[in-house]
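Remarks on the structure that follows.
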Amino acid sequence: MEKRIALLNNEKLVECAFYRPTKKPLTGSIYKGKIQKVLPGMQAVFVDIGTDKNGFLHKDDLPAFQKLSHNEKKSISISSLIKEGESILVQVAKEETGDKGAKLTALLSFTGHLLVYFPFTPHIGISKKIKESKRGALQSWGHSALNNGDGLIIRTGCEEFPEKAMGLELDSLKRQFNETINEAALKKAPSLITQSPFFYSLLERWLNPHVQEIIVDDFDTFNQLKEYAASFQNPYPVKLYHEKEPLFRRYGIDIDIEKAISPLVWLKNGSSLYFNVTEALTAIDVNTGKFTGKKDRSKTVVDTNILAAKEIMKQLRLRNIAGMVVIDFITMQANEDKEQILSVLREEIKKDSSTIVIYGFTKMGLFEMTRKKERPSLLETLAEKSNDEWIGGYRLRSETLYFELERSIKEYTFEDIEALWIEVPPHFADWLEKNNDKLTWLEKSCGYKLFISRGDSNRKSHVRHTGTAADITNRMLKDSD
């Protein structure tokens, strides 16, 4: 049931995401919502989109507000623009996190391989990665291709100005917008209007000419991906994986994910990083650890900080850490040493498609930056705060262990057995007792009788025995004597 997607570079995990069966809104999904409450003090509204939590929509994200003059924007209140009970078409800009509902925008966008089309935002943006010499022609094309009131972002793939392909894609994106409007007119609020396949938003960011292949182990997703990959000018090869060894284990991804939710990261020279995640910010401590270097202490410090800076940027992307980030590098006195670290960080930022803002070193020597949040972090997705510690005050969520259990059972698909005895972490055993329907569903889907017992590990589930139901019952009785 759980879908997982990972990006590898030279067989190293760079980024990953998890998608679970849920009513929670996904980034990019479009809903016909109903205004529940207008909040003039916050200049925002709560919108019912049919999910458990109401979404949050700010005045700045309303088309009616964007059409106003500069002076009108200063004085107008949101209560003059929108009323309780009204229907409104909105798009998820940021997924639910913690107690907060999804952040919404009514300034819809439609993303293609070359362009992003904004039907209500009169602005033309050009990817920063496109050379200055190429920008003028692209800007002129954008102005000629648009009507009054709509806008575009011209993506990196347009650098060589594939004008015909750009025109065809813009027509396609405009059709998508019109189809969305027509679909919404037929539905009552609140309701979901459009939702892209789970892989769409990430692959739109990840795919580039350096990607060699897409590998997938699910037949339905394979068919979706083949169609999607064929829509590129140079289609990407899509391979269906059907080996017995699970795909993520075959490529070492499971081990890398486990490491990525641990607070401690060792660096190659014996120094280390410690990630302290709080609700307000993430603090990262750089320690020299076992590394003492040569006699020149200042060089040792700078070398360690450079190594740490590179690894921190990789870890922020891998762990999907967002919001405020404070880094306590090993203290450097010389400004040129700090500039060296800044230069390394600026270079590393180019590898991350998320928006990152660097604020630099404070007077106390701490380094400050922010990374835009679009979906929950890896730690937030997989683990929860707990006194029963496993990873720095966190333990794996029961939902995480449940989907792991499903994958483990699937490994026995072709074996001639009737039942499995599985030992699970105590908190997961309690969860299964309360959610007996989940266990029943697993038994029906896999065709085995499942016997669950409480284990000592707070992290791992493991299969104790397979065979007939009678044999396992006898073994469990013997074990309890």
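Count the lysine pairs in the stretch 387-481 that are 8 or more places apart or on different chains: how many have C-alpha atoms under 19 angstrom apart?
Lysine pairs satisfying the spacing and distance rule in the stretch 387-481 number 8.
Obtain the radius of gyration and the Kirkwood radius of the stretch 83-199 from its C-alpha atoms and give Rg over Rh.
Here the Rg-to-Rh quotient is 1.02.
Among rounded, prolate and oblate, which fits the stretch 1-142 when a ≥ b ≥ c are the square roots of the eigenvalues of its C-alpha gyration tensor, a/c under 1.5 means rounded, and a/b larger than b/c means prolate?
oblate
Among the DSSP beta bridges whose two residues both lie in the stretch 348-481, what percent are antiparallel, rounded to the nearest 5?
Counting only bridges with both partners in the stretch 348-481, antiparallel ones make up about 70 percent.
Could you check the simple spin-label distance between residue 366 and residue 279, using points 7 Å along Cα→Cβ, in nm with one decimal?
Computed distance between label sites residue 366 and residue 279 equals 1.8 nm.
Could you order 154, 452 so the one with the most accessible surface comes first? Probe is 1.4 Å.
The residues order as 452, 154, largest area first.
Which GluC sites (Glu not before Pro) does the stretch 400-443 hold that lie in a coil by DSSP with at most 16 other beta carbons within 10 Å?
Passing both the DSSP loop test and the Cβ count: 411, 415, 418.
Taking only protein heavy atoms into account and a 1.4 Å probe, give the accessible area per residue of the chain in Å².
Numbers: 26500 Å² over 481 residues.
About 55 Å² of surface per residue is accessible.
Expressed as a whole percentage, what fraction of the accessible surface of the stretch 370-441 belongs to carbon and sulfur atoms when a 1.4 Å probe is rolled over the protein heavy atoms?
Accessible surface attributable to carbon and sulfur in the stretch 370-441 totals 44 percent.
Run the quick spin-label model on residue 71 and residue 226: label points 7 Å from Cα toward the beta carbon, then report their separation in nm to one decimal.
Result for the modelled spin labels: 6.2 nm.
Compute and list, largest first, the equivalent-ellipsoid semi-axes of the stretch 168-250 from the alpha carbon gyration tensor, each √(5λ) rounded to a whole angstrom.
Values for the stretch 168-250, descending: 30, 18, 10 Å.
Calculate the translational D of the stretch 339-481 in whole µm² s⁻¹ from Stokes-Einstein, where the hydrodynamic radius comes from the Kirkwood formula applied to all Cα pairs, the temperature is 10 °C and the viscosity 1.306 mPa s.
On the way: Rh = 18.7 Å.
It comes out at roughly 85 µm²/s.
Can you compute the equivalent ellipsoid semi-axes for the chain, i.e. the square root of 5 times each eigenvalue of the Cα gyration tensor, sorted largest first and rounded to whole Å?
Square roots of five times the eigenvalues give 40, 33, 24 Å.
Scan the chain and report its longest stretch carrying no chymotrypsin sites (Phe, Trp or Tyr not before Pro) that are both in a DSSP loop and have at most 15 other Cβ atoms within 10 Å. Don't jump to the answer; show the numbers that get you there.
Numbers: sites that count: 232, 241, 412, 414.
So the longest stretch without any such site is 1-231.
Cβ under 12 Å from residue 231's Cβ, residue 231 left aside: what net charge do those residues give with Lys, Arg +1 and Asp, Glu -1?
Values: positive: 226; negative: 169, 204, 227.
Every neighbour counted, the sum reads -2.
If the viscosity is 0.890 mPa s and the temperature 25 °C, what Stokes-Einstein diffusion coefficient in µm²/s follows for the stretch 273-424 when Rh is the Kirkwood radius over Cα pairs?
Details: Rh = 18.1 Å.
Translational diffusion coefficient: 136 µm²/s.
The values are calculated or read from the model by the stated rules, or taken from the named source; none is laboratory data. All figures in this text were calculated on a predicted structure; none of them were measured in a lab. Here the Cβ is made from the backbone with ideal geometry for all residues, glycine too, and neighbour counts use every protein chain on show. Keep in mind that these areas ignore ligands, DNA and RNA; they rest on the heavy atoms of the full protein, side chains included. Shrake-Rupley method; radii C 1.70, N 1.55, O 1.52, S 1.80 Å.
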